[in-house]
Amino acid sequence: MDRTVQVVLLVVAFVAGIGLMYWAWTGRAKKQAASIGELPAVPADCGAQLLEPTTGLYLGSTLSPSWIQRITVGDLGFRATAEMTRFERGILLERSGAGTIWIPEESITAVRTERGHAGKVMTEGGVLVIRWKLPTGTEVDTGFRGDDKTVYPAWTGAKTSTKTGDEA
């Protein structure tokens, strides 16, 4: 009988832990909703393709300048395999199992490499980070870990790259 009680208590503690994590995640999403607003729609014409598509992992988007304050609104906080392509009018991030993200060229303030993003820590320069402004004026960092990191210089050279000390 003792063993049964212990198993039941363990299951209850596990379910309570999952419930608390879900409650915190949805609470954060409610607080962030007004500052995030609607994401820009993908235009019918993206312009000429400037860089070949790069495959990799979308790590999430965070509120600038914090590399760990993940955005939880919609599906922006979920990691997903993705393909990122650079066009004249912006960057198209097509994610598997999640919505497409369009980052308009005029919204991009920096493209740089970082050691970590959204709770994911890698080797120096292992993550490509795009800093951009949402239509609401909120500045965010979108993280992408490419399968081929040799393409990063082309991405960071396409827009003036700035590295600030508060991201690392």
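No value in this document is a laboratory result; all are computed from the given coordinates. Computed from a predicted model, the values in this text were never measured in an experiment. Positions of Cβ are generated from backbone atoms using ideal geometry, with glycine treated the same way; all protein chains shown enter the neighbour counts.
Over the residues of the chain, the helix contribution to mean residue ellipticity at 222 nm works out to -8500 deg cm²/dmol, using -39500 (n - 2.57) for each DSSP H run of at least 4. Approximating the spin labels as points 7 Å out from Cα along Cα→Cβ, the Arg3-to-Glu38 distance works out to 6.0 nm. Less than 5 angstrom separates the built amide H of Gly60 from those of Gly143, all sequence-distant by 5 or more or on a different chain.
The H on the amide N of Gly125, modeled in the peptide plane, is under 5 Å from the matching H of Glu114, Arg115, each at least 5 residues off or on a different chain.
Residues whose amide H lies under 5 Å from that of Thr109, counting only those 5 or more places away or on a different chain, are Arg131, Trp132, Lys133; hydrogens are built 1.01 Å from N in the peptide plane.
Compared with the dominant principal axis of the Cα atoms in the chain, helix 2-36 is inclined by about 30°. Loop-located chymotrypsin sites (Phe, Trp or Tyr not before Pro) across segment 8-116 with a Cβ neighbour count of 15 or fewer within 10 Å are Phe78, with loop assigned by DSSP.
Loop-located GluC sites (Glu not before Pro) in segment 20-116 (DSSP state other than H, G, I, E, B) with a sparse environment of at most 12 neighbouring Cβ atoms within 10 Å: Glu38, Glu88. Between Glu124 and Ala80, the simple spin-label model (points 7 angstrom out along Cα→Cβ) gives 3.4 nm.
Using 0.36 nm per residue and subtracting the Cα-Cα separation, the extra length available between Thr100 and Asp147 on full extension is 15.0 nm. Starting from the Kirkwood radius over alpha-carbon pairs of the chain, derive D by Stokes-Einstein at 10 °C in a medium of 1.306 mPa s and give it in µm² s⁻¹. Stokes-Einstein gives a translational diffusion coefficient of 93 µm²/s.
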